[in-house]
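Worksheet: one structure, shown below.
Values quoted throughout were computed directly from the atomic coordinates according to the rules given, and no laboratory measurement underlies them. Quantities reported herein were computed from a predicted structural model and do not represent experimental measurements. Glycine also receives a Cβ, built like all others from the backbone with ideal geometry; neighbour counts cover every protein chain displayed.
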Amino acid sequence: APSATPAAGTVITGTGYRFSVPEGWGDPGPIEGFDPDSLAVDGSDADGFSDNVNVILSPAGKITPDQVESQGVTELKGSGATDVTVQPRLTVAGSESSHLTAALESGGASYVIDQFYVSDTSQTYIVTFSFSPTVTDDERAAVTGPVLASWVFTS
């Protein structure tokens with residue numbers, strides 16, 4: 001929950017926002033074929049899949065939680081995601097955010113995502129955390145909560 005203590009690691013800055021990641025996480029630099037607005041990975045992750053968080057700007061500008069919870073689910077399923085679930089909404093930086101979870105596969109790697117839709121007055125930021133399938137719900141929340149609690153709009 002965003003009532004969590006904000007993460008105290010590296011500050012990641014993007015277009016109109018900044019947030020902190022857990023200790024040991026950082027920007028890996030460019031990744032071929034993937035161009036998010038911002039990205040951070042767990043550099044100490046040794047289980048074969050580096051847990052990470054990326055942010056992209058919604059091409060539609062600001063979208064509502066209701067739109068996310070219908071169209072976002074459809075889009076995730078369309079991209080091959082399974083177990084797509086709408087989780088309870090939460091407040092991030094004063095904005096009501098949808099929270100979707102899903103299971104995905106890419107390049108032979110299976111992973112699970114926690115996706116949050118954080119909006120300011122004109123833009124929705126799609127914040128996607130990707131985790132190894134072995135990471136428990138509580139362990140995921142111990143990452144997502146502090147990161148989201150550190151979110152600041154800068155525009």
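A few remarks follow.
- Rounded if a/c under 1.5, otherwise prolate or oblate - the chain, Cα gyration tensor axes: rounded
- Loop GluC sites (Glu not before Pro), the range 70-113, which have at most 11 other Cβ atoms in a 10 Å radius of their Cβ (DSSP): none
- In this simple spin-label approximation, VAL86 and SER155 carry label points 7 Å from Cα along the Cα→Cβ vector, and these lie 2.6 nm apart.
- Hz values of 3J(HN,Hα) by residue in the range 87-94 - Karplus curve (6.51, -1.76, 1.60), Gly and Pro given as x: 8, x, 5, 9, 9, 10, 6, x
- The label point for ASP137 and the one for ALA46, both projected 7 Å from the Cα toward the Cβ, are 2.9 nm apart.
- A convex hull fitted to the Cα coordinates of the range 75-125 yields 84 cubic angstrom per residue.
- Rounded FRET efficiency, nearest 0.05, which uses the C-beta distance separating GLU105 from LEU57 and R0 of 25 Å: 0.50
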